[in-house]
Each structure stands twice: as C-alpha cells, then as structure tokens.
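Asks: The structure that follows is given in the form of structure tokens.
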Amino acid sequence: MIISNLELIPGKRVTKHLGLVQGSTVRSKHVGRDFMAGLKNIFGGELKGYTELLQDAREEAVSRMTEQASSIGANAILNVRFSTSSITSGAAELFAYGSAVIME
Amino acid sequence: MFDFIVFLVLLALGYGFGQYFERRHYQSIREREQELKDILIIQTKIIPRDYTNHHDTFIVNGSVVISVDYFKRFVAGLKNLVGGRITPYETLLDRARREAILRMKEEAHASGAKVILNVKYEICSIYKGRRNQIGSVEALAYGTAFQATKQTLGGS
C-alpha cells in the first residue's frame with residue numbers, strides 16, 4: 001500500500017479512482033499521565049507521554065484508513081491529510097483521510 | 001494568605017524552570033537544525049525536474065506536545081486584558097513547530113531520504129487549564145520524502 005500526500009506518484013499511473021477513505025480514533029490519557037501533565041503545566045516543557053500517545057493514535061487512524069482502502073481493492077492512497085481536534089480537555093480525535101486509487 | 005504563598009511559589013518555579021527549559025530547548029533546536037540542513041523541504045506537489053533516479057516515495061511525520069509554564073500562562077492572562085502581542089505563546093508555538101519539523105527531518109534522514117515535498121503543518125491545543133487557557137499544544141508536520149540524486153545543472 002502506497003500512502004502519500006502528493007496528488008501524483010512519479011512514474012506511476014492511476015488507473016481507477018475509488019473515492020474517499022478515512023480512519024479515525026479518539027484517545028484519552030490515563031491518570032498517571034494526567035498527573036505528569038499537571039506538573040509539566042507548572043514547569044513547562046515537552047509532554048513525552050502525550051507525544052507518544054498521539055503518535056500511536058495517529059498510526060491507529062492510518063491503519064484503519066488503510067484497512068478500508070484495501071477492503072475496496074485499492075493499492076494506494078493519495079493526497080492524505082491528518083487532522084487533530086480536542087474533543088474535551090481530556091481526549092483528542094485523530095483523523096486521517098485520503099483518496100483511494102488503483103495504480104499500476 | 002496560604003493560597004497567595006502557594007501562588008507565588010508556583011510562579012517562581014514556573015519562571016525559573018520555564019526559562020531554563022526554554023533556553024535549553026532552543027539551543028538543541030538550533031544545533032539540530034544545523035545538522036539537518038542538508039535535507040531540503042520543497043513546497044510543491046510535483047518532484048522538480050532536476051531530481052532524477054527517484055525511488056519510492058513515503059510519508060514522514062514528526063510531532064511534539066509541548067506545555068507552557070505557570071509563569072507564562074499568568075503573564076498571558078494579564079496581557080489578555082490589555083490586548084496586543086502575547087510573546088509567551090509565540091515562543092511556545094515557534095518551539096513546537098520547529099521541533100516537529102526537526103523530528104520529521106530525522107525520520108527522513110533515518111530512511112536515507114534527502115528531499116521532503118509538500119509539507120503540511122497541523123496544530124491543536126490538546127489541554128486546556130482553568131478558564132480555558134492554553135495548557136499545551138500539539139504540533140504535527142508531515143510530508144512526502146523520497147531518495148534522489150540531483151543532476152548537476154551548472155552548479156551543485
């Protein structure tokens with residue numbers, strides 16, 4: 001599966017467009033991380049736990065998108081975009097979407 | 001009275017550690033930017049013609065969650081009353097974006113890519129403190145990387 005945020009892949013030709021595919025996940029942190037975040041809110045600096053959590057969640061969103069794409073027979077996803085939105089102060093939604101195509 | 005003392009202590013801790021962490025972070029950002037300056041970012045969607053032999057393209061991303069300290073949040077709260085430039089948040093967002101770009105470049109470097117195309121930024125405030133003030137923001141940068149050799153068209 002080729003995943004790219006370009007509209008064209010050089011040297012390859014799109015033979016069929018299969019429409020939009022998307023994947024999303026909503027994650028929240030556990031109490032331990034929340035406590036550390038509270039401390040960091042006093043001292044400032046990077047919240048490593050959150051960075052990892054959101055990276056994991058983003059991978060999950062991408063894998064859901066990929067699953068959807070392969071279930072409709074695509075072998076590439078083009079023009080992929082990511083988006084993050086905080087639902088409440090405890091949880092965030094990670095969303096990935098793109099255009100599924102068949103390439104040769 | 002006790003509350004006021006706690007508040008002052010938090011303010012002092014925030015000021016001390018916040019300034020220290022920020023200075024250290026900026027220093028590390030500058031060093032790594034110097035190390036990774038060979039990796040080029042081109043904001044087009046098409047691979048420029050002078051790059052030949054390109055192989056697979058793949059997506060690379062970098063992200064960071066960064067938090068503002070207590071002192072800065074207090075200053076920003078005061079600035080909110082009079083309006084104008086809020087410098088504490090400017091440096092926060094600047095650090096987050098530059099760190100995200102650096103992590104993306106590190107990922108590209110690890111896979112041997114030299115060029116990144118079509119980079120997009122995404123920023124989101126993920127933690128809000130009391131009175132809806134920004135606690136921490138997440139910056140994400142992503143783009144398409146590829147390995148290539150550059151043709152010499154009169155110059156390097």
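A short reminder: the numbers here are calculations on the coordinates, not readings from a lab. Note that the structure is predicted; figures quoted are calculated from it, not measured. Virtual Cβ from ideal backbone geometry, glycine too; neighbours counted across all protein chains shown.
Asks: Hey, how many Å between the Cα centroid of segment A:1-63 and the Cα centroid of segment B:15-69?
Replies: Going from one Cα centre to the other spans 17 Å.
Asks: Taking H placed 1.01 Å from N in the peptide plane, check which residues at least 5 places from A:Met103 or on another chain put their amide H under 5 Å from its amide H.
Replies: A:Thr15, A:Asn75, A:Ala76
Asks: Tell me, what is the FRET efficiency for B:Leu81 and B:Ala110 to the nearest 0.05, using R0 = 41 angstrom and their Cβ-Cβ distance as r?
Replies: 0.30
Asks: Among B:Phe4, B:Asn80, B:Gly14, flag the residue with its Cα farthest along the positive direction of the charge dipole of segment B:1-106, charges on Cβ as +1 for Lys/Arg and -1 for Asp/Glu.
Replies: B:Asn80
Asks: Also: Provide, in order from the shortest bin, the percent of all Cα-Cα pairs of the protein assembly as shown in each 5 Å bin, continuing until the bin that contains the maximum pair distance.
Replies: 1, 6, 12, 15, 15, 14, 12, 9, 7, 5, 3, 1, 1, 0, 0
Asks: Treating each Cα of segment A:2-103 as an identical point scatterer and ignoring solvent, apply the Debye formula and state log10 I(q)/I(0) at q = 0.14 Å⁻¹.
Replies: Ignoring solvent entirely, the Cα scatterers give -0.61.
Asks: Another question, then. Mind giving me the nanometre distance, one decimal, between the label points for B:Gln19 and A:Glu52, set 7 Å out from Cα along Cα→Cβ?
Replies: For B:Gln19 paired with A:Glu52, the spin-label model returns 3.3 nm.
Asks: Would you check segment B:2-150 for Lys pairs whose C-alpha atoms are within less than 27 Å, ignoring same-chain pairs closer than 8 in sequence, and give me the count?
Replies: Step by step, the pairs that qualify in segment B:2-150 add up to 17.
Asks: Something else: For segment A:2-103, what's the relative contact order in percent, using C-alpha pairs closer than 8 Å and at least 6 residues apart?
Replies: Taking the mean separation of contacting Cα pairs over the length of segment A:2-103, I get 47 percent.
Asks: Suppose a student asked you for the relative contact order of segment B:2-150, using Cα pairs under 8 Å spaced at least 6 residues apart; what percent would you report?
Replies: Across segment B:2-150, relative contact order equals 34 percent.
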